[in-house]
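Down below is the structure, laid out as structure tokens.
The values are calculated or read from the model by the stated rules, or taken from the named source; none is laboratory data. On a predicted model such as this, the values are computed, not experimentally measured, just so you know. Cβ sites come from the backbone with ideal geometry, for glycine too, and all protein chains shown count toward neighbours.
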């Protein structure tokens, strides 16, 4: 196949950096580190950065996170003892209630360390983590057991949190690879990856026990798989695996599938840019990725239903007769711009605004890049707007409930936003200023004596 036939632009346009390449490996070498030594060195550097930053907080954050860590760590503890099966309706264990009494929950339940040996007798609580796929719990539970065996700590919760160092390193590497795949420089991509430990809205996914620790790596993988497919560098099964992984890691990760579906639809509809072969490739890619995600989601819902131990009323009062358009309108902007009632994560919303702005610059064609990046930017912005509505609709259809969009539900989207931001760092001055800002952002909770959940 010659280079002329491989181009993604029409005959009256000059080929750009993003066509389906005549030499895919040459493009791959420009987009990713080459050789196993480069990967090893990158992993070592990321580990050296992540270990003290994540490890210190994992050990010194005494209370449980307000974001469901009580339920999640009880599930991880169960796996670490060799019990891999949990059924919906199963109660939180006596060990879990002891942790709640000893540690409390940040801003909700005051700890009572003097009663650790005699925890409160509480009403039975079903573990809501049973409805989540087991991928995170199985992996973290086994790794927690390994940490305990080493003797580094004898505390299960601390061991489980220390496993977060590994998740942080994986997230840093995945963001780096995505930024490089889009064409960002190495230093800019390194800074983008480093956000995972310097920006608290990301870092808290690794300092506490939560399946959201998988969101950023999964989101980055889905975008990389989709881009490589459109460049003719990926096989069909990579999209199938990527779609399945979103559903089998955390249900909210469907958000990145929504964004990539919008991107592929944009390729189909973009005027005068892509030839018929590229449009057909986009159509096939959307069917493979979206179909796999939907099928895997339905499969997991069936498994949960078949294994259910008991029915129970969900926590909170979220039952509604219909979805409120005004509430959905508010949800639609929560992944793209600052919004006042983001509450404890208020400062983190400014990061979202910066990522959205970087994508809009690319969408408008105000910076250099190949033709695929403009519809990709449209996919990010439009997808981030539609994704909360998709989540709200799915929850309502399956449970008759409305649960407002939370900031962490968009984590799988943000690797792409970070990659767009990295693309704008084209000079040493820009990279230097971004680095200073990143360190200052990390330091602000210490300067202002905040708990880190505010960012």
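Would you check if there is a residue in region 253-266 being in a loop (DSSP other than H, G, I, E, B) and either free of Cβ contacts under 8 Å to residues at least 60 places away in the same chain or buried (at least 24 other Cβ atoms within 10 Å of the Cβ) (or both)?
Looking only at region 253-266, we keep the residues that are in a loop (DSSP other than H, G, I, E, B), and these are none.
The answer is no, given that none of the residues of region 253-266 is in a loop (DSSP other than H, G, I, E, B) and either free of Cβ contacts under 8 Å to residues at least 60 places away in the same chain or buried (at least 24 other Cβ atoms within 10 Å of the Cβ) (or both).
For residue 431, indicate whether it is in a helix (DSSP H, G or I), more than 21 Å from residue 186 (Cβ to Cβ) and modelled with pLDDT of 90 or more. Against the criterion (in a helix (DSSP H, G or I), more than 21 Å from residue 186 (Cβ to Cβ) and modelled with pLDDT of 90 or more), residue 431 does not qualify.
Residue pairs whose Cβ atoms lie under 7 Å apart, separated by 6 or more positions or on different chains, with the first residue in region 219-239 and outside the structural domain of residue 287 (by TED's automatic domain parsing) and the second surrounded by fewer than 19 Cβ atoms within 10 Å (Cβ to Cβ), do not occur.
Contact map, region 93-113: residues that are in the same structural domain as residue 71 (by TED's automatic domain parsing) paired with residues that are exposed (fewer than 15 other Cβ atoms within 10 Å of the Cβ) and outside any loop (DSSP other than H, G, I, E, B), Cβ distance under 6 Å, separation 6+ or inter-chain. Pairs shown: 101/115; 102/113. Counted as qualifying within region 77-162 are the helices (runs of 4 or more DSSP H) with 3 or more residues that are over 29 Å from the mean Cα position of the chain (by Cα) and farther than 19 Å from residue 207 by Cβ, namely 94-103.
Going by what's in this entry, would residue 293 be described as assigned by TED's automatic domain parsing to the domain that holds residue 381, under 30 Å from residue 358 (Cα atoms), loosely packed, with under 11 Cβ neighbours inside 10 Å and at pLDDT 80 or above?
On the way: assigned by TED's automatic domain parsing to the domain that holds residue 381: yes; under 30 Å from residue 358 (Cα atoms): yes; loosely packed, with under 11 Cβ neighbours inside 10 Å: no; at pLDDT 80 or above: yes.
No; evaluated as a whole, the condition is false for this residue.
Considering each residue of region 367-376 in turn, at least one proves to be in contact with a helix residue (DSSP H, G or I) (Cβ under 8 Å, 6 or more places away or on another chain), modelled with pLDDT under 90 and either surrounded by fewer than 17 Cβ atoms within 10 Å (Cβ to Cβ) or farther than 21 Å from residue 67 by Cα (or both).
Summed over region 229-240, the residues that are part of a helix (DSSP H, G or I) and in contact with a helix residue (DSSP H, G or I) (Cβ under 7 Å, 6 or more places away or on another chain) give a count of 6.
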